[in-house]
Each structure stands twice: as structure tokens, then as C-alpha cells.
Amino acid sequence: MQFVSTSGKIEKLSTPCLILPVFSKGSQAKLTETFDQAHDGQIAETLKRGDASGKAGNTLLIQMPASCATKRVLLVGLGEQGKTNAEDFKKAVSASMNALKSLPIASICSTLASAEVSEKGSEWKVRQLVLKSHEALYQYNQTLTTSAPDAYALETCQILADDNIDEDTIEQTANTASSIANGIAAAKKLSDLPGNICTPSYLADTATAMGEQYSSLNVNILDEADMEKLGMGSLLSVSRGSRQPAKLITMEHKGGATSQKPIVIVGKGLTFDAGGISIKPSSGMDEMKYDMCGGASVFGVMQMCSELNLPINVVGIVPSSENLPDGDANKPGDIVTSMAGLTIEILNTDAEGRLILCDALTYAAKFKPDVVIDIATLTGACVVALGKHATGLLANNDELADELLAAGKKADDKAWQLPLWDEYKPQLKSNFADLANIGGPAGGTITAACFLSRFTEDYTWAHLDIAGTAWKSGSEKGATGRPVHMLSQFILDRC
Ligand code: BES
Ligand code: MN
Ligand code: ZN
């Protein structure tokens with residue numbers, strides 16, 4: 001859906017559907033009252049009858065008389081007047097799209113962003129209006145035939161300018177938000193694909209196609225022979241357990257000066273994680289197709305940078321492999337040599353994410369990065385520690401950590417920092433190699449980050465563990481596109 005700005009008198013708008021806010025308590029919004037006074041007080045009457053509750057997310061569609069330039073009105077509840085919070089607002093936006101998406105309406109006009117929301121300004125409201133609408137309209141259809149959902153009629157949403165935000169600012173804000181939303185959708189689309197379609201080669205082909213689409217984006221794919229030459233023994237050891245060849249995908253967005261050091265983002269692209277010889281239990285194993293969500297978020301962020309042609313240098317790296325129990329797979333006790341030269345004792349073949357990431361992180365140094373941020377569905381322990389709401393954040397630099405935490409807050413895509421203290425490091429001691437790939441059951445998210453930190457000593461680095469936040473389970477099973485919004489905000493704030 002396209003978002004455009006519009007202005008004019010509320011009571012004279014010519015639109016197939018006007019979205020107006022209503023409150024459950026207190027006086028109604030000025031816009032709603034002005035419109036209503038020009039239209040026989042029908043809304044006030046409807047509210048009096050109790051057909052629209054005004055509770056956050058409640059909706060009621062009203063048909064207007066044939067002579068009226070506004071053909072329909074959708075009343076959308078925002079809770080008590082003066083008490084609408086960020087969650088109420090987001091609920092209301094989602095509800096408005098859900099109420100309209102199956103109707104034959106191509107164009108709508110929303111005034112929700114004119115309603116007051118505690119602690120939030122107009123730009124936040126316009127951004128969320130765009131993002132939440134895109135989320136409500138996201139449809140997975142790649143592998144559906146008879147059960148494929150019908151395409152929506154919705155095409156354009158006008159956003160009404162007011163005293164707090166002019167048409168230009170709306171257009172700019174909506175344009176940025178649309179590219180973030182497209183990045184999120186691109187990440188979700190890749191993540192939701194099954195492991196037999198979305199293989200490392202599929203991801204590599206997707207990157208190549210993106211490189212052809214955007215002139216600012218340079219794409220480079222390393223195959224196993226290339227990685228062999230670079231000495232990526234750790235990454236390649238994981239891929240040996242599968243028939244799909246590994247790929248190391250690099251996407252470079254060159255929008256800044258040549259002298260500007262890039263932000264490098266590295267995403268785990270494990271297209272299916274069965275655990276290898278340390279095989280996982282079968283229940284719920286299908287969800288391990290989501291073990292490439294970190295990589296998918298890198299695709300989403302690179303697309304956002306390219307679409308907006310951001311004046312900054314960003315490099316996206318996606319090491320991609322499967323983790324399966326082939327006859328040639330890693331065995332517990334095997335020792336491999338990483339590109340950095342450190343030997344690793346593989347005590348559990350299911351701790352494979354760090355094995356592919358460590359070589360990609362060593363490779364990242366080649367871009368002389370300003371900062372490196374990796375994103376990975378790395379540990380089940382992170383889901384235990386933080387649940388499904390916060391992404392785990394660990395960093396070797398507190399300024400970078402604070403910058404990411406702030407970006408997450410601003411974007412409503414939050415992270416929570418865990419300690420990366422030296423005290424945890426002895427848990428990775430091995431009698432036979434420089435380090436072991438697991439640190440025991442205590443502090444699993446932290447010891448995983450400690451493992452990675454051995455490969456990131458030469459630059460400023462942060463690690464995002466998205467095991468809890470990258471997808472939803474149960475009846476809502478599907479990717480969330482997190483943390484594309486957090487990273488987009490981080491990059492936008494640096495532009
Ligand atoms: N991809 C998993 C982590 C994961 C588990 C993400 C559950 C989301 C939900 C990772 O490769 C893995 O298997 N990690 C192991 C590490 C352990 C063997 C030290 C884990 O978390 O169990
Ligand atoms: Mn695993
Ligand atoms: Zn994994």
C-alpha cells in the first residue's frame with residue numbers, strides 16, 4: 001500500500017473511506033466532532049447507542065448517504081480520551097486495516113495520526129501508521145494454492161496533515177517508514193519459506209537479484225572452494241553435514257564517502273538446523289527453518305538502505321549453511337581450525353551458529369569496519385532469559401550497546417543488555433583445542449557471545465541474539481521481521 005499526504009477540510013473530504021478516531025470516555029476528537037456536525041450528528045448518535053465502544057482497537061463501519069463525498073466512515077477506538085498510549089495506537093491502526101482489508105475499497109484516508117498519544121509526536125504516529133498497516137496487510141502466499149488468501153483491494157492511504165505535521169513531513173516520514181516496512185516484509189518473506197526452498201543457494205540467488213535491482217548495491221558470493229582458500233574451516237565443517245553447499249554472501253551498500261568506514265552487519269543464515277549429530281528432538285523441529293532469520297534481517301536492512309539510497313556505507317554479510325547429520329558431519333569431539341587460526345573443539349554439533357559466525361566475523365575485518373553487529377537466532381537460553389519480547393544484546397563496547405538500545409526503544413523493537421564479563425570465559429576452556437564450542441548450561445547466551453568475542457577483538461562489536469524475537473509459534477506461527485526496524489533506526493540515526 002502507498003501512503004500519501006493530503007490536506008483540506010475534514011467535512012469536505014472526497015474519499016471512499018474516512019478513518020476517524022473515537023474515545024471510550026471523555027470528549028471526542030475535534031476532527032471527529034467537526035465532521036459529525038457537518039453530517040447530522042450521526043456519529044454522536046451511533047456512540048450514544050453504544051454500537052462503537054471507543055475501546056482501543058474497536059471498529060465500526062458506517063455507510064454515508066449517497067450524496068456525501070465521504071462514502072464510508074470507519075470509527076476506530078483509541079481508549080479513554082487523553083489516555084491513549086503507544087500500544088492503544090498500534091492496536092487501533094492494525095484493527096482499522098483488518099476491518100477494511102477484505103472490502104472492495106482501494107483508497108482510504110486516515111486521521112488517526114492526528115489523535116493525541118502519550119509521549120509520542122506526529123512523526124512517530126505516521127511511522128507506526130505505515131508500519132502497522134503493512135504488518136496487518138502482510139500475506140504469505142508463496143507455497144499456497146487453493147488456500148491462498150485473496151489479494152487486497154487496498155492500494156492508497158491518505159494521511160491528513162494538521163497543525164502538528166505538514167504535507168512534506170508526512171510524505172518524507174511515510175517514505176522512510178515504507179522502506180523500513182518493505183525491509184521487514186522482505187525479511188519475513190525469506191524467513192517464512194521452508195528449508196527445502198530457502199537453501200543457502202536460494203539466499204545467494206536472492207542477493208544476486210537484489211544487486212541487479214539496486215545500483216548502489218554490490219553483491220559478492222563466495223562458494224565452498226573460495227572459503228576453503230580463506231581457511232574457513234569452522235564454517236565449512238558445519239556445511240559438510242549437508243548436501244547443500246554453503247555460501248558466504250556479501251552485500252555492500254556504498255552511499256557514503258569512500259573514506260567512510262562502513263557499518264558491517266553479519267546475520268546467521270542457517271537455513272535449517274536439525275542439530276547435526278547432536279540431533280534435536282523432533283517436536284517443533286520445523287521451526288528451525290527460522291534459524292536464518294538473522295541473515296534475513298540483513299537482507300531486509302540492505303534493501304531498506306538501497307531503497308532510500310542512504311548516504312552511508314553499510315556492508316551486509318550472511319554466512320549460510322544447513323546443519324544436518326550426514327555421514328561426513330561434525331562429530332562431538334571433532335576439532336576444527338577457524339579462519340582466525342584458533343582451534344575449536346566441537347562438543348555439541350548443535351552449537352553450529354557460532355561455528356559459522358566466527359569465520360564470517362573474521363572475514364568482516366577485511367572491510368575495515370567502524371562497527372560490526374551480528375544478528376543470530378543463537379541460543380535457546382536467550383528465550384529462557386528474556387522470553388519473546390526483548391532481543392538479547394551483548395557488546396565489547398558500551399557506547400555501541402547504548403546506541404543500539406536507544407534505537408530499539410525508538411523503534412519499539414527493543415533489546416536488553418546482558419553482561420559480557422571475563423568471569424564467564426573459562427567455561428569455554430577445552431583440554432584439546434583453543435576453545436570449546438559450548439560453555440555448559442549456565443548462562444548459555446553469555447557464553448555463546450563470549451565464544452564470538454574471541455573473534456571480534458580487533459573492532460567495535462555488538463551481538464544481537466534474536467532466538468526469542470525473530471518468529472512467533474503456535475497459531476500465529478510466522479516470522480516477525482525483527483530486528484530490521486531497530487537496525488534501520490540505528491543506521492538512520494547515523495546518516
Ligand atoms: N538455532 C539454535 C538456537 C535456538 C534454539 C533458537 C531454540 C531458537 C529456539 C542453535 O543453533 C542451537 O541449537 N543452540 C543450542 C546451543 C547449545 C547446544 C549450547 C541451544 O540453544 O540449545
Ligand atoms: Mn543448533
Ligand atoms: Zn542454530
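The values are calculated or read from the model by the stated rules, or taken from the named source; none is laboratory data. The model shown is predicted, which means the values in this text are computed figures rather than measured ones. As a convention, Cβ positions derive from the backbone with ideal geometry for all residues, glycine included, and neighbour counts pool all protein chains shown. To get the accessible areas, we keep the full protein, side chains included, count just its heavy atoms, and leave off ligands, DNA and RNA. Shrake-Rupley method; radii C 1.70, N 1.55, O 1.52, S 1.80 Å.
Find, among the trypsin sites (Lys or Arg not before Pro) in segment 5-61, those assigned to loop by DSSP (not H, G, I, E, B) with at most 10 other beta-carbon atoms within 10 angstrom. Could the numbers behind the result be given before it?
Values: sites: 9, 12, 25, 30, 48, 49, 55; in loops: 9, 55.
Passing sites in segment 5-61 are 9.
In segment 220-276, which trypsin sites (Lys or Arg not before Pro) are in a loop and have at most 12 other Cβ atoms within 10 Å, using DSSP for the loop call?
243
Can you give me the Cα centroid spacing of segment 445-495 and segment 360-413 in angstrom?
About 4 Å separates the Cα centre of segment 445-495 from the one of segment 360-413.
Accessible area per residue for segment 348-408 in Å², computed with a 1.4 Å probe and the full protein assembly in place, what is it?
Accessible surface, normalised per residue, equals 32 Å².
State the percentage of accessible surface on the chain attributable to carbon and sulfur atoms; use a 1.4 Å probe and exclude ligands, DNA and RNA.
Carbon-and-sulfur percentage of accessible area, whole number: 48.
For the chain, what is the relative contact order in percent, using Cα pairs closer than 8 Å and at least 6 residues apart in sequence?
Relative contact order here is 13 percent.
Can you list the residues of segment 378-397 with backbone N under 14 Å from a point 7 Å past the Cα of residue 417, pointing along Cα to Cβ?
The answer is 392-397, whose backbone nitrogens lie closer than 14 Å to the label point.
So between residue 342 and residue 201, what do we pick up on full extension, going 0.36 nm a residue minus the alpha carbon distance?
That pair, residue 342 and residue 201, stretches by 48.0 nm at full extension.
Would you please name the chymotrypsin sites (Phe, Trp or Tyr not before Pro) within segment 297-393 that are DSSP coil residues with at most 14 other C-beta atoms within 10 Å of their C-beta? Before the final figure, lay out the partial values.
Working: sites: 299, 363, 367; in loops: none.
Those that pass, being in a loop and sparsely packed, number zero.
Calculate for the chain the 222 nm mean residue ellipticity that helices alone would give, adding -39,500 (n - 2.57) per DSSP H run of length 4 or more and normalising by residue count, nearest 500 deg cm²/dmol.
Dividing the helical sum by the residues of the chain leaves -10500 deg cm²/dmol.
Could you state the number of Å between the C-alpha centres of segment 153-188 and segment 59-124?
Between the Cα centre of segment 59-124 and that of segment 153-188, the gap is 15 Å.
Grab the Cα-Cα distance for residue 87 and residue 476, subtract it from 0.36 nm times how many residues apart they are, and report the gain in nm with one decimal.
Additional length available on full extension: 138.1 nm.
Order of 145-157, 419-431, 441-453 by packing, highest average Cβ count within 10 Å first?
441-453, 419-431, 145-157
Using the heavy atoms of the protein chains alone and a 1.4 angstrom probe, what is the accessible area of segment 113-211 per residue in square angstrom? Each step should come with its number before you reach the end.
Numbers: 4450 Å² over 99 residues.
Here the residues of segment 113-211 average 45 Å² of exposed surface.
So how much slack lies between residue 139 and residue 27, counting 0.36 nm per residue of separation and subtracting their Cα-Cα distance, in nm? Display every interim value, and only then the final one.
Numbers: separation 112, 0.36 × 112 = 40.32 nm, distance 3.74 nm.
My answer for the length gained is 36.6 nm.
How many nm separate the modelled label positions at residue 7 and residue 166, each set 7 Å beyond the Cα in the direction of the Cβ?
Label-label distance for residue 7 and residue 166, simple model: 0.7 nm.
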